[in-house]
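Heads up, the thing below is written out as structure tokens.
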Amino acid sequence: MTKRLGGVLAPVVTTFGPDGALDLAAFRANIRAHLAAGLNGVVLCGSTGENPLVDDAERRALVEAARAEVPKDRWLIIATGAESTRQVLARNADAARLGADAALVVSPHYYTPSMTIDVLRAHYRAVADAAPLPILVYNIPKYTHFVFPPALIGELATHRNVIGMKDSSGDLELLKQYLVHQSDRFTVLTGAGHLLAEGMEAGARGGILAVSLFAGALAVATHDHMVRGDRAAAAATQATLFPMAKEIVGVMGVPAIKVALDKVGLHGGAPRGPLLPLDAAGVSRVEALLAEAGLLAGAGA
């Protein structure tokens, strides 16, 4: 693959219609808007994409829809992690067949006490050995309830099919432990929008950032300022991103992210059960945060 992994990528939401089925027209419209904002690609069915709530047939439909919108010079990545090694292999086969560029693989975590480094090593080696497309490791302790071992990243970073990782820990010191293993062929991306500039200062090559879904231009500007070495400008745009990334993404989560998309003129809609739509107080807080950043549609943005 000739394109370089890096920049800002959007972990897109999964859009549903009033009947609860996929709304692929809204999904494709969002992708077009994200790419127009300068993002370097999209990630489907990640945490922000309601990963555990989307079945495999829907995943296939989402990849097909996204592939029609994402040009070959941008990234189309799908999260394929599952509790079963067998299911990850099947999802990776589907993803490759439908034209995805890479797969983002979160650790199995239902049997958390059993997820020793030996178990994780066996799982990821089986996945990477069989993968018909490149693999990224996904560290998100908020949902897995454990930290992916940095030593194991060091091993996986040398595998021919493992091209990078996303670290959504929000822990800058942990990110630095992963960055030790970065190389020309293995890229570390942050998943923490409030730490994009700091993560890049430490060496990360960009991020897969939920805040970029509704603040794409700000996220891209922060990245680009850092690439150019303009740390003062990066600090300014990062300061605007910070409260939205911390509160809308980090505290309120998917329902709030979907409200934010609606409020900036894109397509969010309702989450899928058991998640509930954001309450009135939450909606007001999202509006206030967007207005402070100059992003609220119709409010001079």
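A quick yes/no check of all residues on (1) in contact with a helix residue (DSSP H, G or I) (Cβ under 7 Å, 6 or more places away or on another chain); (2) under 21 Å from ILE153 (Cβ atoms); (3) charged (D, E, K, R):
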position	(1), (2), (3)
ARG86	no, no, yes
ASP94	yes, no, yes
ALA103	yes, yes, no
PRO108	yes, yes, no
THR112	no, yes, no
ILE117	yes, yes, no
Reported set for region 86-116 where residues are closer than 29 Å to THR2 by Cα and charged (D, E, K, R) is ARG91, ASP94, ARG97, ASP101
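Counting only residues that are touching a helix residue (DSSP H, G or I) at 6+ places or on another chain (Cβ under 9 Å) and not aliphatic (A, V, I, L, M), which one in region 1-24 is farthest from LYS258 (Cα to Cα)?
GLY6
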State the number of residues belonging to region 118-166 that are among the charged types (D, E, K, R), closer than 22 Å to ARG91 by Cα and touching a Ser or Thr at 6+ places or on another chain (Cβ under 8 Å). 1
In region 241-292, which residue that is small (Gly, Ala, Ser) and touching a strand residue (DSSP E or B) at 6+ places or on another chain (Cβ under 7 Å) is farthest from LEU213 (Cα to Cα)? ALA270
Residue satisfying condition, being within 21 Å of HIS223 (Cβ to Cβ) and either among the basic types (Lys, Arg) or touching a residue at least 24 places away in the same chain (Cβ under 8 Å) (or both), within set LEU39, LEU98: LEU39
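Yes or no, residue by residue, for (1) surrounded by fewer than 17 Cβ atoms within 10 Å (Cβ to Cβ); (2) over 17 Å from the mean Cα position of the chain (by Cα); (3) among the acidic types (Asp, Glu):
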position	(1), (2), (3)
LEU5	no, no, no
VAL13	no, no, no
GLY20	yes, yes, no
GLY38	yes, no, no
VAL43	no, no, no
GLY46	no, no, no
VAL88	no, yes, no
ALA93	yes, yes, no
For the list (1) among the charged types (D, E, K, R); (2) surrounded by fewer than 23 Cβ atoms within 10 Å (Cβ to Cβ); (3) under 22 Å from THR2 (Cα atoms), I need the number of the one condition that LYS142 fails. (3)
Criterion first (of a type outside the set (Lys, Arg), touching a Ser or Thr at 6+ places or on another chain (Cβ under 9 Å) and either surrounded by fewer than 22 Cβ atoms within 10 Å (Cβ to Cβ) or within 21 Å of LEU22 (Cβ to Cβ) (or both)) does GLY250 satisfy it? no
Quick check on this structure: which one of ALA219, ALA234 is in contact with a helix residue (DSSP H, G or I) (Cβ under 9 Å, 6 or more places away or on another chain), surrounded by fewer than 24 Cβ atoms within 10 Å (Cβ to Cβ) and not charged (D, E, K, R)? ALA234
Single residue of GLU64, GLU83, GLU69, GLU58 found to be part of a loop (DSSP other than H, G, I, E, B), over 18 Å from LEU213 (Cα atoms), modelled with pLDDT of 95 or more and among the acidic types (Asp, Glu): GLU83
Scan of region 147-178 for residues that are surrounded by 21 or more Cβ atoms within 10 Å (Cβ to Cβ), over 17 Å from the mean Cα position of the chain (by Cα) and either part of a helix (DSSP H, G or I) or charged (D, E, K, R) (or both), ordered by number: ILE153, LEU156, TYR178
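The values are calculated or read from the model by the stated rules, or taken from the named source; none is laboratory data. Given the structure is predicted, the values throughout are model-derived calculations rather than measurements. Cβ coordinates were reconstructed from backbone atoms using ideal geometry, including for glycine residues, and neighbour counts include every protein chain displayed.
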